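First up is the structure itself, then whatever we jot down about it.
Just so it is clear, none of the values below were taken in a lab; they were calculated from the coordinates. Keep in mind that this is a model prediction, so the values were computed, not measured. Every residue, glycine as well, gets a Cβ built from its backbone with ideal geometry; the counts of neighbours run over all protein chains shown.
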Ligand code: HEM
Ligand code: HEM
């Protein structure tokens with residue numbers, strides 16, 4: 001952290017959070033394409049689905065133990081903070097990590113992704129593609145999950161992602177470059193706040209956490225008949 005013309009450079013998004021975000025973007029696009037193409041592309045749908053599951057599990061744990069501004073506690077706001085922010089009376093700290101509005105969309109996206117992944121694990125297209133956990137649940141649960149996964153969840157997720165991108169473009173137009181921080185990690189701020197820890201040790205810790213998440217997901221995948 002250092003000062004320059006009254007602005008302070010703060011590490012907001014640690015490397016693990018940035019890698020999580022941009023890998024998730026690629027994986028979700030790949031999932032949408034492979035899901036719609038179907039047929040042989042479903043092999044990739046499953047591979048990417050397991051990658052998305054590992055990423056999401058990682059992000060949930062990183063939300064508890066990760067860098068200061070990536071922790072869920074840093075962007076759980078009281079309703080009053082959201083109202084103040086919407087009235088233009090937000091505190092300067094609201095522009096460090098996710099703002100009260102941004103936080104809402106982040107939690108909604110994570111929840112929808114989780115729902116998409118969980119239903120994917122128990123979905124069946126009644127042709128060839130069947131999630132690895134379908135045999136553990138009843139036929140009616142499989143149909144409900146497949147219906148949500150293929151007909152509802154994908155549209156909800158698409159709508160939220162489009163809204164997310166529109167919001168980022170809107171901020172960009174209002175001269176708030178949020179993309180730069182998601183790429184490089186730092187923001188130049190008027191408030192001097194502690195940055196997120198992002199050293200070799202925390203990055204190694206993140207890699208280990210991701211490894212454990214991926215191993216757990218690989219075990220789930222191995223339950224397929
Ligand atoms: C499939 C597409 C996408 C998904 C699923 C997605 C998902 C997410 C999620 C979950 C977060 C929260 C990050 C965290 O705290 O871990 C986030 C934040 C962010 N995303 Fe995306 N994203 C997508 C596409 C994009 C694109 C195309 C851009 C750039 C144009 C973008 C720019 C950002 C930025 C700048 C933030 C930080 C917002 C803030 O400062 O509050 N995202 N995104
Ligand atoms: C964010 C994660 C995911 C997204 C965005 C996604 C998206 C999609 C889409 C767009 C389809 C095609 C729906 C259609 O027929 O129009 C689909 C089908 C399917 N997906 Fe996923 N998927 C995700 C995760 C998963 C996971 C983790 C699995 C399992 C490991 C999975 C298994 C399936 C199966 C079995 C189908 C066929 C279901 C059916 O047609 O009834 N998906 N998915």
As computed over segment 90-164, the Cα convex hull volume per residue (Å³):
102
How would you classify segment 17-94 from its alpha-carbon gyration tensor, with a ≥ b ≥ c the square roots of the eigenvalues: rounded for a/c under 1.5, else prolate if a/b is greater than b/c, otherwise oblate?
prolate
Treating the angle as unsigned and between 0 and 90°, give the value, to the nearest 10°, between the Cα long axis of helix 100-121 and the longest Cα principal axis of the chain.
20
CD proxy at 222 nm, helix term only [per DSSP H run n ≥ 4: -39500 (n - 2.57); per residue of the chain; nearest 500]:
-20500 deg cm²/dmol
Packing-based exposure ordering (other Cβ within 10 Å, fewest first) of 198, 151, 124
151, 124, 198
Between rounded, prolate and oblate, where does segment 148-216 land on the alpha carbon gyration tensor, with a ≥ b ≥ c its root eigenvalues, rounded for a/c under 1.5, else prolate if a/b exceeds b/c?
oblate
Helix 154-173 sits at what angle to the longest principal axis of the chain, using alpha carbons and giving 0 to 90 degrees rounded to 10?
20
Is the shape of segment 106-225 best called rounded, prolate or oblate, per the rule: a/c under 1.5 gives rounded, else a/b larger than b/c gives prolate, else oblate, with a ≥ b ≥ c the square roots of the Cα gyration tensor eigenvalues?
oblate
Residue order, fewest to most beta carbons within 10 Å, for 37, 225, 10
225, 37, 10
Calculate the all-directions average of the projected area of segment 1-158's alpha-carbon convex hull, and give it in nm².
11.7
Could you check the simple spin-label distance between residue 140 and residue 61, using points 7 Å along Cα→Cβ, in nm with one decimal?
3.7
In percent, how large is the relative contact order of the chain, given Cα pairs closer than 8 Å and 6 or more residues apart?
35
Calculated FRET efficiency, residue 15 and residue 225, Cβ-Cβ r, R0 41 Å, to nearest 0.05?
0.60
Mind checking the angle between helix 200-222 and the chain's longest principal axis? C-alpha axes, 0 to 90 degrees, to the nearest 10.
20
Relative contact order in percent for segment 80-143 (Cα pairs under 8 Å, 6+ apart) equals 19
